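Each remark here refers to the structure printed beneath this line.
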Amino acid sequence: MFTRARTVGLQLLSTSARKSGTIPLDRDVTEPLPNGFPTSVQLTISLEQPDKKLALFGSADRYLRMIRDTFGVQVVSRNDEIRLSGDKEQVSKAAAVLEQMQKRLRRQDWLSTDDVGKAIGEAVKEDRKRTAEEIDVYSKGVGIKPKTDGQKRYIESINAHDLTFCIGPAGTGKTYLAVAAAASMLKHGQAKRIVLARPAVEAGERLGFLPGDLQAKVNPYLRPLFDALHDMIDFEQVKRFMVNDVIEVIPLAFMRGRTLNDSVIILDEAQNTTASQMLMFLTRLGHDSKMIVTGDTSQVDLPPNVKSGLVDATEKLRGIKGIGVVELERSDIVRHRLVQNIVNAYERAADEDQ
């Protein structure tokens with residue numbers, strides 16, 4: 001039985017009840033970790049068989065120390081409970097090991113070092129598998145990974161191709177995963193710059209005159225890109241990167257005449273480009289750069305007689321070596337569950353009208 005405790009920081013329990021040669025009712029079974037111990041969560045685990053406490057803890061608490069040293073958590077024994085404190089993910093893995101140990105003690109009266117080592121090894125192996133799927137970004141504690149098969153194909157295409165088109169309905173993570181991939185490449189030295197671009201096209205309504213300087217005028221169109229960036233990279237670091245031109249967030253019109261080397265270049269809302277704008281953008285690709293083009297062809301805000309540059313480009317470029325085209329489906333929607341229902345309802349209505 002697991003009971004989650006309120007996150008209030010590390011609470012070291014009294015150790016005054018220690019008695020030589022006995023297991024005290026209230027004790028800290030590990031020494032304080034060096035340089036302080038940052039903690040974010042506490043988890044209390046009830047012992048299934050208190051009479052097997054010695055077998056679970058090991059001689060001189062050896063098994064608990066193995067768990068402490070592997071996962072970097074604080075371990076405290078109190079009465080017939082074990083309290084784990086530390087990073088949420090590490091506490092979860094330590095708890096899984098203790099669960100496996102207690103499960104084994106249902107069938108036997110003792111545990112060997114190999115038993116405990118095997119349980120720890122399985123938890124570490126699972127963590128490595130999970131980490132391999134994650135996209136490593138700057139923000140500490142943020143783990144981003146594709147959640148659907150379609151999203152996995154999308155990330156694989158970005159890694160394998162210099163130019164990737166991603167088409168799909170709202171909520172499928174097209175922009176978010178593209179920015180995550182770009183942030184990861186910047187962090188690991190695979191790119192020296194990130195350039196994020198969007199066409200400044202109003203979504204069906206006229207905004208009229210916007211006050212302020214040029215940056216203030218285009219910010220409403222670029223806001224979704226900033227939102228994604230701030231999830232991947234700390235706010236202050238984003239500001240420093242922008243001051244140093246490591247990150248640029250600009251309207252598509254500002255791309256003309258440039259050649260972008262050693263960069264990850266993302267064009268968002270590409271369904272609202274014309275064919276000539278798309279050609280202009282694609283020809284900005286320089287040496288050692290990657291380009292990601294995202295859009296939803298069901299949400300084109302161009303005049304009725306203007307063909308979308310995204311549709312035009314995917315028709316002409318599909319099948320060319322070095323270019324990947326990924327189409328996400330409604331099943332890849334990862335926003336609120338209602339988003340998928342809303343998309344389905346609108347598509348059904350559109351089919352009925354035809």
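Within region 338-354, residues that are part of a helix (DSSP H, G or I) reach partners that are open to solvent by 80 Å² or more (accessible area, probe 1.4 Å) and not hydroxyl-bearing (Ser, Thr, Tyr) with beta carbons closer than 6 Å, at six or more positions or on different chains, in the pairs Gln340/Arg330; Val343/Arg330. In this structure, Ala96 does not qualify as out of contact with any strand residue (DSSP E or B) (no Cβ under 9 Å at 6 or more places or on another chain), at positive phi and outside any strand (DSSP E or B). Pairing residues of region 243-260 that are touching a residue at least 24 places away in the same chain (Cβ under 8 Å) and at positive phi with residues that are exposed (fewer than 14 other Cβ atoms within 10 Å of the Cβ) and of a type in the set (Phe, Trp, Tyr), at Cβ distances under 9 Å and at least 6 apart in sequence or on separate chains, gives no pairs at all. Every test in (1) more than 28 Å from Ala170 (Cα to Cα); (2) of a type outside the set (A, V, I, L, M, F, W, C); (3) at pLDDT below 85 is passed by Gln215 save one, and that test is (1). Considering region 38-80, and only residues there that are of a type in the set (Ser, Thr, Tyr) and not in a strand (DSSP E or B), the residue that is most open to solvent (accessible area, probe 1.4 Å) turns out to be Ser59. The set of residues in region 81-96 that are of a type in the set (Lys, Arg) and open to solvent by 70 Å² or more (accessible area, probe 1.4 Å) contains only Lys88.
Quick one: how many residues across region 102-124 are loosely packed, with under 12 Cβ neighbours inside 10 Å and polar (S, T, N, Q)? Can you show your working first?
Initially, region 102-124 is screened for residues loosely packed, with under 12 Cβ neighbours inside 10 Å, giving 103, 106-109, 114.
Next cut, polar (S, T, N, Q) only: 108.
Total satisfying the criteria: 1.
Every test in (1) more than 18 Å from the chain's Cα centre (by Cα); (2) of a type in the set (Val, Ile, Thr); (3) part of a helix (DSSP H, G or I) is passed by Thr175 save one, and that test is (1).
The values are calculated or read from the model by the stated rules, or taken from the named source; none is laboratory data. Just so you know, these numbers come straight off a predicted model, no measurement behind them. Counting neighbours? That spans all protein chains shown, and the Cβs are built from the backbone with ideal geometry, glycine included. Remember, those area values only see protein heavy atoms, side chains included, never the ligands or the DNA or RNA. Shrake-Rupley method; radii C 1.70, N 1.55, O 1.52, S 1.80 Å.
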